[in-house]
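Just below is one structure, and these are the notes that go with it.
Please treat every number below as a calculation from the coordinates, not as lab data. Given the structure is predicted, the values throughout are model-derived calculations rather than measurements. As a convention, Cβ positions derive from the backbone with ideal geometry for all residues, glycine included, and neighbour counts pool all protein chains shown.
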Amino acid sequence: TMRLFGREHWDTGELRTRLGVVTGDLDGSFGLSTSGGRVSGLDTAVSGFFGSHGVFSHHVVSATMLEQGRDALARVEAAHLADKPLNEMSAGERRRVLIARALVTRPDALVLDEPTTGLDFVARHKFMESIRRLARDGTTLILVTHHVEEIVPEIKRVILLRAGKVAFNGDPADALTPERLTEVFGAPMRVERNGDYYHVKLG
């Protein structure tokens with residue numbers, strides 16, 4: 001049995017209010033629905049208070065919201081992007097701004113669902129370093145990924161899923177073994193460990 005925030009059973013609507021969610025798909029949908037991506041970094045962050053894709057004329061934005069928006073941008077090293085439009089940002093910059101949007105309401109946990117989708121190697125590395133800093137600062141992370149190398153050292157618990165069911169739940173060193181990953185992926189896997197990082201290869 002797994003517990004989240006001290007409880008085994010949750011109403012999904014109630015649980016959603018306690019989570020900040022960032023997905024790779026959100027990046028594309030956000031840009032398409034906000035005047036061609038011309039919304040600024042700060043407005044993007046502040047829109048997290050409204051659950052919208054930007055700040056619009058009917059929204060009442062307080063000084064406190066703006067302050068928390070700037071604080072959230074700073075937490076992901078994106079303070080310099082406050083006035084920059086989304087459509088002028090790199091993919092990695094946009095992704096960090098979207099994390100700020102998720103953080104602005106100070107959620108109990110940050111859910112990252114395949115967060116590096118569409119990022120090149122360098123952007124992906126910088127993004128994951130930002131995630132590591134958040135974790136070290138005390139942010140609870142729930143990372144959903146197919147990429148074992150994205151399981152950063154700050155992650156202390158790994159849940160492996162196969163066919164929608166939990167195949168293993170425990171310490172990364174116990175979860176990320178050739179035997180367990182072979183079972184989950186359905187193909188022979190080799191695991192190489194470099195410090196607290198894991199790398200997987202077929203075979």
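Details
- Shown is the FRET efficiency for Thr105 and Tyr197, computed with R0 = 35 Å from the Cβ-Cβ distance and rounded to the nearest 0.05: 0.65.
- The amide H of Ala167, built 1.01 Å from its N in the peptide plane, has Leu160, Leu161, Arg162 as neighbours under 5 Å, considering only residues 5 or more places off or on other chains.
- The GluC sites (Glu not before Pro) of segment 86-169 that meet both conditions, a loop assignment by DSSP and at most 16 other Cβ atoms within 10 Å of the site Cβ, are Glu154.
- Modelled FRET efficiency - R0 22 Å, Ala173 with Asp137, Cβ distances, 0.05 increments: 0.35
- Interchain or long-range residues, amide H under 5 Å from Val144's placed H: Leu112, Asp113, Glu114
- Hits among lysines - C-alpha to C-alpha of Lys165 under 23 Å, sequence gap 8 or more where chains match: Lys156
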